[in-house]
Amino acid sequence: MNSRRYFAAALCAIGLMTSSAVHAADAAKPADELQSFTQLPQQALKSDDNQIKLFKYWALARCGATLSKQAGSAALEEDWSNTAAAYLEYSTVPLEANEAAQALVDKFLKTTTRSGSTGGSYESMKCIDLFNSKELDVLAGQYIKK
């Protein structure tokens, strides 16, 4: 598999892994009752817990967009950027929080190193590390009070 296809597959896997946690509660519902996280009622989206989720999903999407740009994949970059914009649309955090999160994205992509036994690129693993990082949790806590 060429590196761009591998990269695209890896980014899709990130999306699947992180979205599965959000939709775990939906698993027991009949198909006609499933609902996208961003289709929750506005009041539910404003809760601190959901604002933290939106903020972290935004950071993950920005990480994916940054990686896609670095890989030269305009279509994936646009998709990840659109995803980030959608999460931002539902967010109530100040833009300075997103600016700080973008700086954290850049830091993780530059400073963290991951590898595996299969060889090749593991850049997308850095986005998963960011999503699960204490640093992103602390940043979210600075702007979103529980």
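The values are calculated or read from the model by the stated rules, or taken from the named source; none is laboratory data. All values derive from a computational prediction rather than experimental measurement. Here the Cβ positions follow ideal geometry from the backbone for every residue, glycine too, while neighbour counts run over all protein chains shown.
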Please tell me if residue 75 is modelled with pLDDT of 95 or more and closer than 24 Å to residue 137 by Cβ. no
From the option list 42, 102, 51, single residue qualifying as at pLDDT 55 or above and closer than 16 Å to residue 127 by Cα is 102
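Do any helices (runs of 4 or more DSSP H) entirely within segment 38-133 hold 3 or more residues that are in contact (Cβ under 8 Å) with a residue 40 or more places away in the chain, in contact with a helix residue (DSSP H, G or I) (Cβ under 7 Å, 6 or more places away or on another chain) and more than 20 Å from residue 145 (Cβ to Cβ), and if so, which?
Numbers: elements: 42-45, 48-71, 74-89, 95-111, 123-131.
Qualifying helices (runs of 4 or more DSSP H): 48-71, 74-89, 95-111, 123-131.
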Among residues belonging to segment 119-134 that are of a type in the set (Ser, Thr, Tyr) and modelled with pLDDT of 85 or more, point out the one that is nearest to residue 80 (Cα to Cα). 124
Considering residues that are within 23 Å of residue 43 (Cβ to Cβ), surrounded by fewer than 17 Cβ atoms within 10 Å (Cβ to Cβ) and over 14 Å from the mean Cα position of the chain (by Cα), the number found within segment 82-118 is 4
